[in-house]
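Only one structure is covered here, and it is reproduced in the block below.
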Amino acid sequence: MLKGLLILLLFQGIGETASYYSGLPIPGPVIGMVLLFVYLQLRSQELPLGLGDAAHLMIRWLSLMFVPACVGFFFLTKIAPDQWLSIIGVIVISTLVTMIVTALFMKYFMEKPTPPKSQVER
Amino acid sequence: MIHIITPALLLILTFVTFSLSFWLYGKTKPNPILSSLFHPLVTTPILVSVVLLLANIDYNDYREANQPLFFLLGTATVALAIPLHQQFHHIRGLTKPLLLTLFFGASFAVITALSIAWFLGATPETLISVAPKSVTTPIALGIAEKINGEPSLTAGIVVFTGVIGAIFGPLLFRWLGISDDRIKGFVLGICAHGVGTARAFETSGKCGAFSSLGLGLTGAITAMILPWVIIYLLK
């Protein structure tokens with residue numbers, strides 16, 4: 001478990017350093033996540049000892065970690081009242097429309113029978 | 001009245017209200033619509049805000065005291081690589097529909113969010129905070145920070161998006177006649193991130209697996225592409 005947490009922190013550190021020095025507008029932890037994913041895919045063995053437990057622990061308590069940021073939502077003073085309509089409108093309309101369209105899009109591609117190889121070769 | 005508010009007390013406030021919310025969430029589990037409304041992500045911030053207002057505590061003090069949680073959010077983002085790695089084998093044989101849906105869904109979410117916000121008269125600051133709305137919160141906060149958005153606004157928007165998606169998603173799927181758990185899960189992960197994924201796991205393990213895959217891939221792809229788009233748009 002301790003070793004797992006260390007691996008996570010290590011990749012977070014690498015990601016933050018890469019984000020800082022490269023000047024890329026990508027969040028450091030995201031770079032860390034991608035690098036860790038690539039590393040895991042390349043070592044075609046089981047997960048390093050304790051990494052699964054550590055990750056499970058972090059993800060299980062994800063909701064707890066973003067409570068402080070969410071609380072700030074109620075203390076925003078810089079947002080003009082007329083902005084709230086657009087914010088709520090965006091969330092509701094955009095989310096529902098995106099779900100419908102994306103689901104239909106995926107359904108179409110999942111159900112479309114792929115042409116048999118022999119036909120393609122002919 | 002003399003206030004003695006130490007950072008530890010404010011950190012405890014987060015933990016205690018969260019446990020309380022979690023307990024409430026468990027109580028509402030039998031009712032799927034009610035339980036989405038009582039997700040700890042919805043109830044905890046409301047409870048904390050009420051306490052802060054009643055006790056007359058400045059949000060900045062609370063934020064400062066809870067800095068350790070902001071840091072761990074980054075660590076948790078890195079940890080998302082593990083479910084992504086474990087679920088990745090599902091992609092074999094489905095690469096084309098999954099990747100097409102991923103790019104289509106992730107960009108569609110950003111484009112509709114930006115155009116609707118613009119149409120409703122949003123300021124550039126609001127536009128920037130709205131853009132990463134479908135991405136899982138830790139990644140969205142990282143993006144908001146990178147593109148100079150308002151992190152708290154982004155966090156609120158992201159959570160609200162997840163709740164809307166988790167409540168209406170299953171209803172929409174029924175209405176559209178979609179019964180494939182792989183589609184339900186993947187779409188929930190793309191559009192409603194963590195809250196949607198929690199909901200997907202309630203449907204079935206397969207649904208949850210595809211949801212975490214959608215969540216991780218959308219987060220990674222959006223984080224790598226969106227900042228460039230914003231920089232380009234603001235020029």
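Please treat every number below as a calculation from the coordinates, not as lab data. Because the structure is a prediction, the values reported are computed rather than measured. Positions of Cβ are backbone-derived with ideal geometry, glycine not excepted, and every protein chain shown enters the neighbour counts.
The peptide list B:178-186, A:101-109, put in order of mean Cβ contacts within 10 Å with the highest first, becomes B:178-186, A:101-109. Applying a threshold of 19 Å to the alpha-carbon distances of B:184/B:206; A:107/B:133; B:96/B:133; B:96/B:184; B:29/B:133 flags A:107/B:133; B:96/B:133; B:29/B:133 as lying beyond it. Counting other Cβ atoms within 10 Å as a rough exposure proxy, the listed residues B:145, A:46 run A:46, B:145 from fewest neighbours to most. Straight Cα distances below 16 angstrom link residue B:146 to the aspartates and glutamates A:16, B:125, with same-chain residues fewer than 8 positions distant left out.
Can you tell me the orientation of helix B:137-146 relative to chain B, as the angle in degrees between its alpha-carbon axis and the longest Cα principal axis, to the nearest 10? Computed tilt is about 80 degrees.
Compute the Cα gyration tensor for the stretch A:1-66, then decide on rounded, prolate or oblate, letting a ≥ b ≥ c be the square roots of its eigenvalues: rounded whenever a/c is under 1.5, prolate when a/b is larger than b/c in the other cases, and oblate in all that remain. Here the stretch A:1-66 falls in the oblate category. The equivalent ellipsoid of the protein assembly as shown has semi-axes of 32, 24, 21 Å, largest first, where each one is the square root of 5 times an eigenvalue of the Cα gyration tensor. Between the beta carbons of residue B:34 and residue B:174, assuming R0 = 25 Å, the FRET efficiency works out to 0.90 to the nearest 0.05. If only the Cβ of Lys and Arg carry +1 and only the Cβ of Asp and Glu carry -1, the dipole of chain B around its Cα centre is close to 780 debye.
Peptide packing for B:154-165, B:39-50, B:56-67 was compared via the average number of neighbouring C-beta atoms within 10 Å per residue; ordered from the highest value, the list is B:154-165, B:39-50, B:56-67.
Return the average number of partner chain Cβ atoms within 10 angstrom of each residue Cβ along peptide B:145-156. Kindly include the intermediate steps, with their values, before the conclusion.
Numbers: counts 2, 7, 1, 0, 0, 5, 5, 11, 8, 3, 8, 9.
The shielding value for this peptide is 5.
Arrange the following residues from fewest to most other Cβ atoms within 10 Å of their Cβ: A:60, B:92.
Fewest-to-most ranking of A:60, B:92: B:92, A:60.
Across peptide B:127-139, the mean count of Cβ atoms from other chains lying within 10 Å of each residue's own Cβ comes to 4. Each of B:191, B:207 was scored by other Cβ atoms within 10 Å of its Cβ. Listed from fewest to most, they are B:207, B:191.
For chain A, the gyration tensor built on C-alpha atoms gives an oblate shape. Its axis ratio a/c (a ≥ b ≥ c) is at least 1.5, and a/b is not larger than b/c.
The mean number of partner chain beta-carbon atoms within 10 angstrom of a residue's beta-carbon across peptide B:199-208 is 0.
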